[in-house]
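The values are calculated or read from the model by the stated rules, or taken from the named source; none is laboratory data. Note that the structure is a prediction, hence the values are computed from the model and not measured. Cβ: placed from backbone, ideal geometry, glycine included. Neighbour counts: every protein chain shown.
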Amino acid sequence: MSVRLTRDLNAEGTGSGAIRRLVREQQLTRVRRGAFVAVDADADHRQLIDATMPRLSPGHVLSHTSALWLHELPGDTRTLARVTVTKPGKGGTSVGPYLHRYRTPLPDDDIEVVDGLTRTVVARTVVDVGRCGDLGFAVAAADAALRRGLSHEQLEARLQVNRRHGIKRARTMAELADARSESAGESLSRVAIWRLGLPAPELQFEVTVGGTTYRADFAWPELRVLGEFDGKVKYGDLLRPGETAADVVMREKRREAQLRAAGWWVVRWTYPEVFHPARLERLLRPALFRAA
């Protein structure tokens, strides 16, 4: 686990405010002033699974957020402090310090064994998270599953047979799911926009300005408004050979200036706005209604 210094994070475009947020969200741990390590929730959860499953009686199936993690689908890392399992049958749920156990019917075709671990299949996992989890993260998982090849028909088939508590929320998840979303942040943004009652945007919208084609995460073409979810600053991923993070910042600024000059209104936001929709509304509503 390598130590990252503040200057290293700053060089990648992660400012002091973003660092504080990552610490609050338990994605970074401060080991001393100006030095941090990334929290490896994935490794911790695998260790928790390996330590928990041998203690359980036969028949337990990894499900919900644990199955989501095994399928490498996005989810709320804060839920990884417990292993989630389902024991086929009838009954309620029980929650302990390290285990969240569901008792519910589980057909054989909802179960698979991979690498020695018994888990729910992708479609069942997404529906379970849609029933029992946060809607935004459930849509993020459904979007990612659709991008990987899960069909809406497969999702709908599981919804038809799964009529337990929370199924209405799972149906909303399925209605909102869209394979065009390319990140969890974009998925969470769409859910926030939907909850705010704002017009639904077009996704991955292409705009050609001065012979160059740009693609925006969100667009309201009739209003000439574009939306960009920045998420964790990823300037390091955008670096071209010989470039610095400052070069990427300037390139993005020139891109935005060209779009504005062509009559487009550009709105950018990050995770704090997504997790506090009132902030997102303060950014988007004036742009949308100003354009209107």
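Residues checked against (1) in contact with a strand residue (DSSP E or B) (Cβ under 9 Å, 6 or more places away or on another chain); (2) in the same structural domain as Asp143 (by TED's automatic domain parsing); (3) surrounded by fewer than 17 Cβ atoms within 10 Å (Cβ to Cβ):
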| position | (1), (2), (3) |
| --- | --- |
| Ile19 | yes, no, no |
| Thr29 | yes, no, yes |
| Gly34 | yes, no, yes |
| Pro58 | no, yes, yes |
| Val61 | yes, yes, no |
| Ser66 | yes, yes, no |
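Considering only the range 84-92, I want to know if a residue exists there that is of a type in the set (Gly, Ala, Ser) and in a helix (DSSP H, G or I). No, the range 84-92 has no match at all.
Of the residues Glu281, Glu206, which single one is farther than 21 Å from Ile19 by Cα, modelled with pLDDT of 85 or more and in contact with a Ser or Thr (Cβ under 7 Å, 6 or more places away or on another chain)?
Being farther than 21 Å from Ile19 by Cα, modelled with pLDDT of 85 or more and in contact with a Ser or Thr (Cβ under 7 Å, 6 or more places away or on another chain) holds for just one of Glu281, Glu206, which is Glu206.
Note on the range 31-63: residues that are modelled with pLDDT of 90 or more and outside any helix (DSSP H, G or I) amount to 8. What number goes with the only condition from (1) in a helix (DSSP H, G or I); (2) surrounded by 14 or more Cβ atoms within 10 Å (Cβ to Cβ) that Asp109 does not pass? So the condition that Asp109 fails would be (2).
Okay, residues lined up against (1) without any contact (Cβ under 8 Å) to a residue 60 or more places away in the chain; (2) buried (at least 17 other Cβ atoms within 10 Å of the Cβ):
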{"position": "Ala145", "(1), (2)": "no, yes"}
{"position": "His152", "(1), (2)": "yes, no"}
{"position": "His165", "(1), (2)": "yes, no"}
{"position": "Ala174", "(1), (2)": "yes, yes"}
{"position": "Ala179", "(1), (2)": "yes, yes"}
{"position": "Ala184", "(1), (2)": "no, yes"}
{"position": "Ser187", "(1), (2)": "no, yes"}
{"position": "Arg190", "(1), (2)": "yes, yes"}
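Of all residue pairs spaced 6 or more apart or on separate chains, those with beta-carbon atoms under 9 Å, a first member in the range 220-232 that is more than 16 Å from Trp269 (Cα to Cα) and a second member that is aromatic (Phe, Trp, Tyr) and modelled with pLDDT under 90 are Leu223/Phe289.
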